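Colleague: The structure under discussion is supplied below as structure tokens; questions concerning it will follow.
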Amino acid sequence: MLNYIWLGMMVISLIAGIFTGRIDEVTDAAINMSKTAVEISIGLIGIMALWLGIMKIAEKSGLISIIAKVVKPITVRLFPDVPPDHPAMGSIVLNMSANILGLGNAATPLGLKAMEQLQELNEQKDTATNSMVMFLAINTSSVQLIIPAAVVALMGATASQIFLTTILATLCSTIAAVIAVKFFEKMKRFSVENAS
Amino acid sequence: MIESIIESMNNGARYIIPLLIVGIPLYAMAIKQVKVYEVFVEGAKDGFTIAIRIIPYLVAILVALGMFRASGALDILLNFLSPALNFVGFPPENLPLALMRPLSGSGSLGLLTDLINEHGSDSLYAKIGATMFGSSETTFYVLAVYFGSVGVVRSRHAIPAGLIGDLVGAIAAVFFCKLLLT
């Protein structure tokens, strides 16, 4: 799937760029975005190190397994392939909590830690497991209780009006994504054997 | 009433990070006798490798997205979709943001800024836009970073499922804003 989307986007960009006369912009975008990608990754190092360090302390002190136990009834349903007491469950829950509280900076390191732990359970290392896709879908549909700081800055006092609508919309998108994952994972064309 | 609750929530959120950074080591050291400094450094080492590991995946995805945005392909797509969406009650003003949201965080923030500058933060368009922005994530970026960090290249149903979530979220944003804010 990624092969087609990736190539498709670039081919469409090339054709559209020629057609709209924006071929120079396309060139610039390609070069600048490759730099941006590295800057984003390098910029993550410090924050990753900070949260992974704190996480390790939380893990060693048993905090993570306590949290994982509390939310077990929900997580075992969402992630049936992950053993309920596996450390991945703790990271998944912490990542979701960070997202709900709007702590984007903390959510990414915790999410990547969870991915690493889910990968330990994966038999085919280049292919996503059902749990990985579920975890990703929950992350991309963004369960969030705190309105992003950027929106508050832009909207001013009006930002409080969109509090309820944002929660309702994000609930709908998360539920839809979870149902879609559960539905698709049983389909043959998305099976691990046919994976693309 | 709602204003004060939201204000105190956003205010409270400011304390969470420092409380976690201090509280977790404090609990570990005081109650469980964990050697906090040593353990922190041991965990922090992974930060470097993970951040470096995602570079090739992020370059691939961001370059393709950047080209797509710069080429004007998105505008062509908008011209095709606008009439149909207008017909079902989806405001065409909010369509660019709905399409941009899964593709680019900075791009969609730019579009939201345009919406607010053009129509005012009190307009329904701005409120729908802000709701869309707050209720969804940059799907392709998250996919590249999360899957890239462990070297997963076969994403299976992740993209279709993520995009269905985005679509439902965008429709829900329009629906609830029209229902509750007009």
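The values are calculated or read from the model by the stated rules, or taken from the named source; none is laboratory data. What you are looking at is a predicted structure, and each value in this text was computed from that prediction instead of being measured. Cβ: placed from backbone, ideal geometry, glycine included. Neighbour counts: every protein chain shown. Protein only, heavy atoms only, side chains kept; ligands, DNA and RNA dropped before computing areas. Shrake-Rupley method; radii C 1.70, N 1.55, O 1.52, S 1.80 Å.
Colleague: Report, as an integer, the average count of C-beta atoms from other chains found within 10 Å of each Cβ along A:14-25. Walk me through the numbers on the way to the answer.
Modeller: Values: counts 3, 3, 10, 6, 1, 4, 6, 1, 5, 2, 1, 6.
That average works out to 4.
Colleague: Follow-up question, since we're still on this one. Among A:Ile31, A:Gly8, A:Ala49, which residue has its Cα furthest toward the positive end of the charge dipole of the range A:1-61, with +1 on Lys/Arg Cβ and -1 on Asp/Glu Cβ?
Modeller: A:Ala49
Colleague: All other residues with a Cβ under 15 Å from the Cβ of A:Val143 taken together, and with Lys, Arg as +1 and Asp, Glu as -1, what is their net charge?
Modeller: Neighbour charge sum, excluding A:Val143 itself: -2.
Colleague: Per the 1.4 Å probe, what fraction of the accessible area of chain A, in percent, lies on carbon and sulfur atoms? Don't skip to the answer; put the middle values down first.
Modeller: Values: 6000 of 8850 Å².
C and S atoms contribute 68 percent here.
Colleague: Which value, in square angstrom to the nearest 100, describes the accessible area buried between chains A and B on both sides, using a 1.4 angstrom probe? The partial results should precede the final answer.
Modeller: On the way: alone 13180 and 12660 Å², together 17200 Å².
Between A and B, the summed buried area is about 8600 Å².
Colleague: Rounded, prolate or oblate: which fits chain B when a ≥ b ≥ c are the square roots of the eigenvalues of the alpha-carbon gyration tensor, with rounded for a/c under 1.5 and prolate only if a/b beats b/c?
Modeller: Working: a/c = 2.77, a/b = 1.45, b/c = 1.91.
Since a/c reaches 1.5 but b/c is at least a/b, the shape of chain B is classed as oblate.
Colleague: What FRET efficiency would be calculated for the residue pair A:Ile15, A:Ile100, taking the C-beta separation as r and a Förster radius of 41 Å, to the nearest 0.05?
Modeller: Details: r = 42 Å, r/R0 = 1.02.
Once rounded, the FRET efficiency stands at 0.45.
Colleague: Placing unit charges on C-beta atoms (Lys and Arg positive, Asp and Glu negative, everything else neutral), compute the dipole magnitude of chain B about its Cα centre in debye, rounded to 20.
Modeller: Values: 11 positive and 12 negative charges, 128 e Å.
Roughly 620 debye, rounded to the nearest 20.
Colleague: Separate question: Give the cross-link partners of A:Lys56 among the lysines, using a straight C-alpha distance below 17 Å as the criterion and excluding same-chain residues fewer than 8 apart.
Modeller: A:Lys113, B:Lys32, B:Lys35, B:Lys45
Colleague: Ranked by accessible surface with a 1.4 Å probe, highest first, in what order do A:Phe19, A:Phe135, B:Phe68 come?
Modeller: Numbers: A:Phe19 165, A:Phe135 0, B:Phe68 25 Å².
If we order A:Phe19, A:Phe135, B:Phe68 from most to least accessible, we get A:Phe19, B:Phe68, A:Phe135.
Colleague: Compute the signed sum of charges (Lys and Arg +1, Asp and Glu -1) over the other residues within less than 13 Å, Cβ to Cβ, of B:Asp166. Could you put the intermediate results ahead of the total?
Modeller: Working: positive: B:Arg101; negative: B:Glu137.
With Lys, Arg at +1 and Asp, Glu at -1, the neighbours total 0.
Colleague: Which residue fluctuates most in the GNM of chain A (Cα springs below 10 Å): A:Ile146, A:Ile15, A:Ile54?
Modeller: A:Ile15
Colleague: Report the extension gain between B:Asp75 and B:Glu38 in nm, rounded to one decimal, defined as 0.36 nm multiplied by the number of residues separating them, less their alpha carbon distance.
Modeller: On the way: separation 37, 0.36 × 37 = 13.32 nm, distance 5.32 nm.
Between B:Asp75 and B:Glu38, full extension yields 8.0 nm more.
Colleague: Residue separation times 0.36 nm, minus the C-alpha to C-alpha distance between A:Lys188 and A:Ala149: what's the value? Walk me through the numbers before you get to the answer.
Modeller: Numbers: separation 39, 0.36 × 39 = 14.04 nm, distance 4.20 nm.
Value of the extension gain: 9.8 nm.
Colleague: Between the range B:95-149 and the range A:19-83, what's the alpha-carbon centroid distance in Å?
Modeller: 19 Å
Colleague: Give me the residues in the range A:141-156 whose solvent-accessible area, probe 1.4 Å, is reduced by at least 40 Å² once all protein chains are included instead of the chain isolated.
Modeller: Those residues are A:Ile146, A:Val151, A:Leu154, A:Met155.
Colleague: In addition: Rolling a 1.4 Å sphere over the protein heavy atoms, what is the accessible area per residue of the range B:24-160, to the nearest Å²?
Modeller: Values: 5610 Å² over 137 residues.
Computed with neighbouring chains in place, this is 41 Å² per residue.
Colleague: Separation between the A:Lys125 and B:Thr113 pseudo-spin-labels, each 7 Å from Cα along Cα→Cβ, expressed in nm?
Modeller: 4.2 nm
Colleague: Something else now. May I ask you to list the residues of the range B:41-56 whose amide nitrogen lies under 17 Å from a point 7 Å from Cα along the Cα→beta-carbon direction of A:Ile42?
Modeller: B:48-56
Colleague: Still on this structure: If you place +1 on the Cβ of every Lys and Arg and -1 on the Cβ of every Asp and Glu, how big does the dipole about the Cα centre of chain A come out, in debye to the nearest 20? Don't skip to the answer; put the middle values down first.
Modeller: Numbers: 13 positive and 13 negative charges, 105 e Å.
I would put it at about 500 debye.
Colleague: If you average 1/r over all unlike Cα pairs in the protein assembly as shown and invert the result, what Kirkwood radius do you get in angstrom? Don't skip to the end; give the middle numbers.
Modeller: Working: mean 1/r = 0.0466 Å⁻¹.
Averaging 1/r across every pair of different Cα atoms and inverting gives 21.5 Å.
Colleague: Based on DSSP H runs of at least 4 residues, each adding -39500 (n - 2.57), what is the mean residue ellipticity at 222 nm of chain A after dividing by all its residues, to the nearest 500 deg cm²/dmol? Mind dumping the intermediate values first?
Modeller: On the way: 9 runs with 144 residues, N = 196.
That comes out to -24500 deg cm²/dmol.
Colleague: Same structure, new question: Evaluate the distance, in nm, between pseudo-label points positioned 7 Å from the Cα of B:Arg53 and of A:Asn3 along their respective Cα→Cβ axes.
Modeller: That separation, rounded to one decimal, is 2.4 nm.
Colleague: So what's the net charge close to B:Ala130: Lys and Arg +1, Asp and Glu -1, counting the other residues with Cβ under 12 Å from its Cβ? The partial results should precede the final answer.
Modeller: On the way: positive: B:Arg101, B:Lys127; negative: B:Asp122.
Here the charged neighbours net out to +1.
Colleague: Looking only at other chains, what is the average number of their beta-carbon atoms within 10 angstrom of each beta-carbon in B:99-112?
Modeller: On the way: counts 0, 0, 0, 1, 1, 1, 2, 1, 0, 0, 4, 0, 0, 4.
Taking all residues of B:99-112 together, the mean is 1.
Colleague: What does the extension gain come out to for A:Asn32 and A:Val76, with contour length at 0.36 nm per residue minus their alpha carbon separation? Before the final figure, lay out the partial values.
Modeller: On the way: separation 44, 0.36 × 44 = 15.84 nm, distance 4.27 nm.
Additional length available on full extension: 11.6 nm.
Colleague: Could you work out the Kirkwood radius for the range A:71-196, taking every pair of different alpha carbons, averaging 1/r and inverting it, reported in Å? Could the numbers behind the result be given before it?
Modeller: Details: mean 1/r = 0.0636 Å⁻¹.
After inverting the mean inverse Cα-Cα distance, the result is 15.7 Å.
Colleague: A:Lys182: which lysines have alpha carbons under 20 Å from its alpha carbon, excluding same-chain residues fewer than 8 sequence positions away?
Modeller: Partners found: A:Lys72.
Colleague: Give me the accessible area per residue for the range A:124-171, probe 1.4 Å, as a whole number in Å². Could you put the intermediate results ahead of the total?
Modeller: Details: 1430 Å² over 48 residues.
Per-residue value: 30 Å².
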